[in-house]
Amino acid sequence: MILELDLGNTRAKWRIVRDRAEVVARGFSDITDWLDGKFPEAWRVGVERARIASVLAPATENKLIGKMQSELPLSVQLARS
């Protein structure tokens with residue numbers, strides 16, 4: 001399954017998709033929760049990778065990705081325009 005993240009400056013939306021189309025979970029959060037390692041439990045079950053679209057400052061983005069990779073068994077892909 002794939003975790004998709006849409007990271008704004010203060011809030012973020014997420015969803016988990018299976019087989020490219022089936023959304024199995026979704027939600028939103030304040031980014032500071034994730035920076036503190038408070039990830040939704042759904043992210044810990046069966047998610048193999050994350051795809052991220054972000055407008056965060058690079059330092060915040062790097063901190064979040066580092067926290068995710070240290071606590072969750074997934075690879076991360078970051079979209080860049």
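Some values worked out for this structure:
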{"item": "Restricting the stretch 67-81 to residues that are outside any strand (DSSP E or B) and of a type in the set (A, V, I, L, M), the residue that is modelled with the lowest pLDDT", "result": "ALA79"}
{"item": "Any chance ARG26 is in contact with a strand residue (DSSP E or B) (Cβ under 7 Å, 6 or more places away or on another chain) and surrounded by fewer than 15 Cβ atoms within 10 Å (Cβ to Cβ)", "result": "yes"}
{"item": "Unique residue being in contact with a Ser or Thr (Cβ under 8 Å, 6 or more places away or on another chain) and either under 20 Å from ARG80 (Cα atoms) or of a type in the set (D, E, K, R) (or both) when the list is ALA53, ALA57, ALA12", "result": "ALA12"}
{"item": "VAL45 being under 17 Å from ILE16 (Cα atoms), of a type in the set (Val, Ile, Thr), open to solvent by 30 Å² or more (accessible area, probe 1.4 Å) and under 10 Å from the mean Cα position of the chain (by Cα)", "result": "no"}
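Condition check ((1) touching a Pro at 6+ places or on another chain (Cβ under 8 Å); (2) in a loop (DSSP other than H, G, I, E, B); (3) open to solvent by 30 Å² or more (accessible area, probe 1.4 Å); (4) polar (S, T, N, Q)) across all residues:
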residue	(1), (2), (3), (4)
ASN9	no, yes, yes, yes
ASP33	no, no, yes, no
ALA53	no, no, yes, no
ILE65	no, no, no, no
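The values are calculated or read from the model by the stated rules, or taken from the named source; none is laboratory data. None of these values were measured; they are calculated from a predicted model. With ideal geometry, Cβ positions are generated from the backbone for all residues, glycine too; neighbour counts draw on all protein chains shown. Side chains included, ligands, DNA and RNA excluded: accessible areas come from the protein's heavy atoms. Shrake-Rupley method; radii C 1.70, N 1.55, O 1.52, S 1.80 Å.
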